[in-house]
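Heads up, the thing below is written out as structure tokens.
The values are calculated or read from the model by the stated rules, or taken from the named source; none is laboratory data. Treat the numbers as computed from the prediction; the structure is a model and nothing was measured. Here the Cβ positions follow ideal geometry from the backbone for every residue, glycine too, while neighbour counts run over all protein chains shown.
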């Protein structure tokens, strides 16, 4: 019966090509607009580290006070003083501290032209707590942090450029005029959004080239290539005084496995802030936060407003297209009242009429989905015109999006057909036969 | 034209009427908000910077070795001399940033050294005695920097120079009576700095929404940026020689000292490229909203054509009867036009609420501005015209129905 109704549906669609084309286009455009904007939204709002996002937390401590903080919120990074204190206390299963750095590398030999490379100064736990996969070697450990070793981990991409992809573990590399020992090569790993550095860097950008030992970077007075934010009258006149200032620039992360651990760590932060108040460094009561990855991304407004607005507008557009489709289906079905009357008189039940017309609508939905898919794939190549290049490159048409496009188109059209099909099923056979 | 019979007829087509009205309501809500967004984004994109954009380009020069403050300052001086000697170059300067860079250094500004909540926020540009001339900004009061006023600033060397050149927007914010020249202010320091010059307009280095209340508020300090990592060179080409100068400049710099990094991808950017990049997402929004508006209007129009055609087909017999009873072509045409107008008005009444509802959501979520009434009025006119235009062809067909239809069975 299904196949027969489908056949009937297709035949009926052919009978009013203009009306059919109108419906197919409405569904196609509506679903395409929604899918294109959704694909971008999906890319920017996704969970970058799904299996651990609820165990990784950002400790925040307000060192600016209620008059200078961000509307009551502590800043998103720590000052050197607070960061070092939190790390020394070591109250979490794992913890890391990081900041972005830009260095130079000589790609061929000492006579070549240097290239700039971007990476992060991190502490040893970075690799294990964020589950960075390794191609060769490993990260370093807390002892190396304490030794302030000149260790570096290269990323697969950078290792490819520098060493042609060979196992470079154990070799020396000169970065910005200083020698480092390569202890590991990380496999391609580029969580997007780059949750661990969103306070300082753009959440969507090219993958980093290296991870270098944080203490070593501090010893070499390598400045952050990202954000630095200060309050009040600044009195520092050089690096060492700057470290002691209220400027925030270091991004801390802790791994806490149970709710108990989280509560305990929160108490630790409050205790630390209370101590600072006690010794007179803070003139305000403790104001601390401990957010996990998704809460943190939300707090940092990682999803660009453009992406949200355009998705909402596209969804409204789709709703209008559906309202339009309801009207057109109604017109189309009611035009065949006579035909329905004959079928009903010949013994078709209301249910049969109802399902016949829903199947016909599903055929429209399928055609609309097909057009929507075509428009989506055309639109995806033009996403670069609509969004920032860094964001546009993340959006792509994959199997799940293709499936979603078709399913949404068909389901939406069938839903739109509920009322028109019901009206068709209500047709009174006697009335229709009489007037004919 | 009698409205009563139209309403009576519509009562027999409740579903269709409601659907058209709903569609018009939703379309109005989307279209006037989209038009407002388009207008705002386009206004943002065309913000003037106050600099000589057609002839300017910027080189991001990163050092390949770590230099001390003195070394870096000397290298910068040497590079600038090299750039100024090029045939196609009119002048060159150095800075920590440039207008529309999309981020940079900004400081809180206060009128007193111990003031907690800031008076305003300003973009900070570090410049030498060539800065104003190179950028082509117009000095409207006071004087430019002297060469001997320019100090070097190295790694985290935070100081406030005794003299400052400010943009007119900043001067007016600090001294609303227009007497800013020669007056002091404080910039996150307990030492004051004196306004010695005012430039007409100098755009901030960021283009963010948070800085909208501080639009065009910027200042220039007589400082040579001697950071260990690098510096921006802003170069003004002679008229018509921008492309040549952009090719020559990095070559000349590398020839002088190869231990530098100028990205082959985006290390040298003309101001046109900078502007293009700065407003990428604004342009994208404007394009997307325009496309959605156009397709939406087309689909709504087509929907009205479709449903009205169906009604005309359904009512051929009634139209025939009316014609036979003496209604003219014009009467029938007016009937359908009026019917559509009534439905449109009902839809528009709903749509106005939806439009402001959507706008309130945008205001709440994204702190966008309140929708001005003129956009709603524009949307209303647009949709009435669309409705009348869409209904015209089916109505015309209806008016051509012959009176003889009255005698035929439906």
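On the given criteria, is residue A:149 part of a loop (DSSP other than H, G, I, E, B), in contact (Cβ under 8 Å) with a residue 40 or more places away in the chain, crowded, with 23+ Cβ neighbours inside 10 Å and assigned by TED's automatic domain parsing to the domain that holds residue A:179?
Numbers: part of a loop (DSSP other than H, G, I, E, B): yes; in contact (Cβ under 8 Å) with a residue 40 or more places away in the chain: yes; crowded, with 23+ Cβ neighbours inside 10 Å: no; assigned by TED's automatic domain parsing to the domain that holds residue A:179: yes.
No.
Among the residues making up the stretch B:316-342, those that are more than 15 Å from residue B:2 (Cα to Cα) and in a helix (DSSP H, G or I) are B:316, B:317, B:318, B:319, B:320, B:321, B:323, B:324, B:329. Among helices (runs of 4 or more DSSP H) entirely within the stretch A:360-436, having at least 3 residues that are touching a residue at least 40 places away in the same chain (Cβ under 8 Å) singles out A:389-392, A:399-425, A:429-435.
Among the residues of the stretch B:274-284, the one identified as within 14 Å of chain A (Cβ to nearest Cβ) and touching a strand residue (DSSP E or B) at 6+ places or on another chain (Cβ under 8 Å) is B:277.
Take the residues in the stretch B:339-360 that are surrounded by fewer than 19 Cβ atoms within 10 Å (Cβ to Cβ) and in contact with a helix residue (DSSP H, G or I) (Cβ under 6 Å, 6 or more places away or on another chain); name whichever of them is farthest from residue B:395 (Cα to Cα). Selected residue: B:350. Within the stretch A:206-225, being crowded, with 17+ Cβ neighbours inside 10 Å, more than 23 Å from residue A:147 (Cα to Cα) and more than 10 Å from chain B (Cβ to nearest Cβ) holds for A:207, A:208, A:209.
Can you tell me which residue within the stretch A:163-191, out of those that are surrounded by fewer than 18 Cβ atoms within 10 Å (Cβ to Cβ) and either in contact (Cβ under 8 Å) with a residue 60 or more places away in the chain or within 19 Å of residue A:102 (Cβ to Cβ) (or both), is nearest to the other protein chains (Cβ to nearest Cβ)? Residue satisfying both the conditions and the ranking: A:177. Restricting A:83, A:105, A:92 to those that are buried (at least 21 other Cβ atoms within 10 Å of the Cβ), within 13 Å of another protein chain (Cβ to nearest Cβ) and under 32 Å from the mean Cα position of the chain (by Cα) reduces the list to A:105. Within the stretch A:114-137, can one find any residue that is out of contact with any strand residue (DSSP E or B) (no Cβ under 9 Å at 6 or more places or on another chain), modelled with pLDDT under 95 and either outside any loop (DSSP other than H, G, I, E, B) or on the phi < 0 side of the Ramachandran plot (or both)? No, because not a single residue in the stretch A:114-137 is out of contact with any strand residue (DSSP E or B) (no Cβ under 9 Å at 6 or more places or on another chain), modelled with pLDDT under 95 and either outside any loop (DSSP other than H, G, I, E, B) or on the phi < 0 side of the Ramachandran plot (or both).
Looking at B:128, B:114, just one residue is more than 29 Å from the chain's Cα centre (by Cα) and crowded, with 20+ Cβ neighbours inside 10 Å, and that residue is B:128.
Candidates are the residues of the stretch B:319-329 that are surrounded by fewer than 15 Cβ atoms within 10 Å (Cβ to Cβ) and out of contact with any helix residue (DSSP H, G or I) (no Cβ under 7 Å at 6 or more places or on another chain); the one that is nearest to the other protein chains (Cβ to nearest Cβ) is B:325. Of the candidates A:375, A:366, the single residue that is touching a helix residue (DSSP H, G or I) at 6+ places or on another chain (Cβ under 8 Å), closer than 17 Å to residue A:39 by Cα and modelled with pLDDT of 85 or more is A:375. Does residue A:243 satisfy the condition of being at pLDDT 95 or above and within 13 Å of another protein chain (Cβ to nearest Cβ)? Spelling it out, residue A:243 is indeed at pLDDT 95 or above and within 13 Å of another protein chain (Cβ to nearest Cβ). The residues of the stretch A:108-125 that are under 15 Å from residue A:201 (Cα atoms) and over 24 Å from the mean Cα position of the chain (by Cα) amount to a single one, A:117. Within the stretch B:285-302, is even one residue in contact (Cβ under 8 Å) with a residue 12 or more places away in the chain, more than 10 Å from chain A (Cβ to nearest Cβ), in contact with a helix residue (DSSP H, G or I) (Cβ under 9 Å, 6 or more places away or on another chain) and not in a helix (DSSP H, G or I)? No, every residue in the stretch B:285-302 fails to be in contact (Cβ under 8 Å) with a residue 12 or more places away in the chain, more than 10 Å from chain A (Cβ to nearest Cβ), in contact with a helix residue (DSSP H, G or I) (Cβ under 9 Å, 6 or more places away or on another chain) and not in a helix (DSSP H, G or I).
Say whether the condition of being under 26 Å from residue B:27 (Cα atoms), surrounded by 15 or more Cβ atoms within 10 Å (Cβ to Cβ) and within 13 Å of chain A (Cβ to nearest Cβ) is met by at least one residue in the stretch B:372-385. Within the stretch B:372-385 (the criterion being under 26 Å from residue B:27 (Cα atoms), surrounded by 15 or more Cβ atoms within 10 Å (Cβ to Cβ) and within 13 Å of chain A (Cβ to nearest Cβ)), the answer is yes, since at least one residue qualifies. Among the residues of the stretch B:263-273, none qualifies, meaning not one is without any contact (Cβ under 8 Å) to a residue 60 or more places away in the chain, away from chain A (no Cβ under 14 Å) and either over 30 Å from residue B:142 (Cβ atoms) or surrounded by fewer than 19 Cβ atoms within 10 Å (Cβ to Cβ) (or both).
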